[in-house]
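Below is the structure I would like to discuss, written out as structure tokens.
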Amino acid sequence: MDASSQRRAVDLATRSHHALALFPGTTLNPAPAWKSQHPADSFRLNPDFRLIRDGYELRIANGTEALKRNTARLIERMYSSRGLFPYGQGESLDERDITVAACKGDHAVATLTLCLDAGRGLLADTLYRAEIDAARKNGGQVCEITRLAMDPEHSSHEALAGMMQILYIIARLTYRVTDVFIEVHPRHAGFYRRLLGYQMVGPEKICPRVGAPAVLMHLCQQRLDHLIDTHAGRSDDDSRSFYRMFQRRAELEALQRALVTSSPIQNQRRTSI
């Protein structure tokens, strides 16, 4: 894909008013053998984790108040510029929500948030509880990806794919999520289907959080595993799949070890990969 096509694809993704989601799975197949074996509640994210992609520093915003405020301002600015309500910015994120940011220096230029299904449910339950409950009733561990924003002056495919990869490691490999849901604008559903393998599972409705139409999309584990096996780490891959910019499974394990710890971190050196 040439640079112009990459910019158009990234811009289309960020214009989708809710989320960009990526990973997860079905409730029928076991998780891959390469996932973590620790209980999910024993995990702690490394606050000093860094991943460099295309000149951008990808970081976890949780626990860093200045970066959290920076990402909130970015979301408000990007959503407002498209006539959408910058929902939820006046409220603190649930502590179980995990926000990833791409930074240039001290400034966040792109962000995504992973919302886990714990206690309060998902934002998408407001419109699509029946569809999401169907996965829950089958034993699925569900989550959603939301609050996507990217400054159009920093439309980097590599940075966006890097953020997606981090959320994949957290959601699937660490928290053992099996099903990810996202709400996107109907005009952009084709982007998520073609480049990310999603399927539409909920009809068009008006989302009260942003004041715009939405549809619900979902990606199953079998589909994701196939896409990663087919495209990840393939420098000769001329497809448009985002997964060609993922690292191979052995490298994902190394990233998980750098990103996640099962015990509190004390005086740990900054991890930069």
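Considering only residues of region 185-222 that are in a helix (DSSP H, G or I) and modelled with pLDDT under 85, which is least open to solvent (accessible area, probe 1.4 Å)? Before the answer, list the steps.
We begin by selecting, within region 185-222, every residue in a helix (DSSP H, G or I); these are 186-196, 221-222.
Now narrow it down to the ones that are modelled with pLDDT under 85: 221-222.
Working: Gln221: 2, Gln222: 73 Å².
Here the residue is Gln221.
Is there any pair with a first residue in region 233-245 that is closer than 16 Å to Phe191 by Cα and a second that is in a loop (DSSP other than H, G, I, E, B) whose Cβ atoms are under 6 Å apart and which are 6 or more apart or on different chains, and what are they?
From region 233-245, the pairs are Arg240/Met1; Tyr243/Ala232; Arg244/Arg234; Arg244/Asp237.
Does Phe181 satisfy being aromatic (Phe, Trp, Tyr), under 24 Å from Arg82 (Cα atoms) and either in a strand (DSSP E or B) or open to solvent by 40 Å² or more (accessible area, probe 1.4 Å) (or both)?
On the way: aromatic (Phe, Trp, Tyr): yes; under 24 Å from Arg82 (Cα atoms): yes; either in a strand (DSSP E or B) or open to solvent by 40 Å² or more (accessible area, probe 1.4 Å) (or both): yes.
Yes: the conditions hold for Phe181.
Please work out which residue is modelled with the highest pLDDT, limiting yourself to region 168-178 and to residues that are more than 13 Å from the chain's Cα centre (by Cα) and part of a helix (DSSP H, G or I).
Start the filter on region 168-178 by keeping residues that are more than 13 Å from the chain's Cα centre (by Cα), which leaves 173-176, 178.
Going one step further and asking which of them are part of a helix (DSSP H, G or I), we end up with 173-174.
On the way: Leu173: 86, Thr174: 89.
By that ranking, first place goes to Thr174.
Suppose we filter Thr113, Thr14 for residues that are modelled with pLDDT under 90, in contact with a strand residue (DSSP E or B) (Cβ under 8 Å, 6 or more places away or on another chain), on the phi < 0 side of the Ramachandran plot and not hydrophobic (A, V, I, L, M, F, W, C); which single one remains? Walk me through how you get there before you give the answer.
Working: Thr113 fails: modelled with pLDDT under 90.
Unique residue meeting the criteria: Thr14.
In this structure, does Gln165 turn out to be open to solvent by less than 10 Å² (accessible area, probe 1.4 Å) and either of a type in the set (A, V, I, L, M) or at pLDDT 90 or above (or both)?
Numbers: open to solvent by less than 10 Å² (accessible area, probe 1.4 Å): yes; either of a type in the set (A, V, I, L, M) or at pLDDT 90 or above (or both): yes.
Answer is yes for this residue.
The values are calculated or read from the model by the stated rules, or taken from the named source; none is laboratory data. Only a predicted model underlies this, so the values are computations on that prediction, with no experimental measurement involved. In this analysis, Cβ positions are derived from the backbone assuming ideal geometry, glycine residues included, and neighbour counts consider all displayed protein chains. The area values use the complete protein model at the heavy-atom level, side chains included, leaving out ligands, DNA and RNA. Shrake-Rupley method; radii C 1.70, N 1.55, O 1.52, S 1.80 Å.
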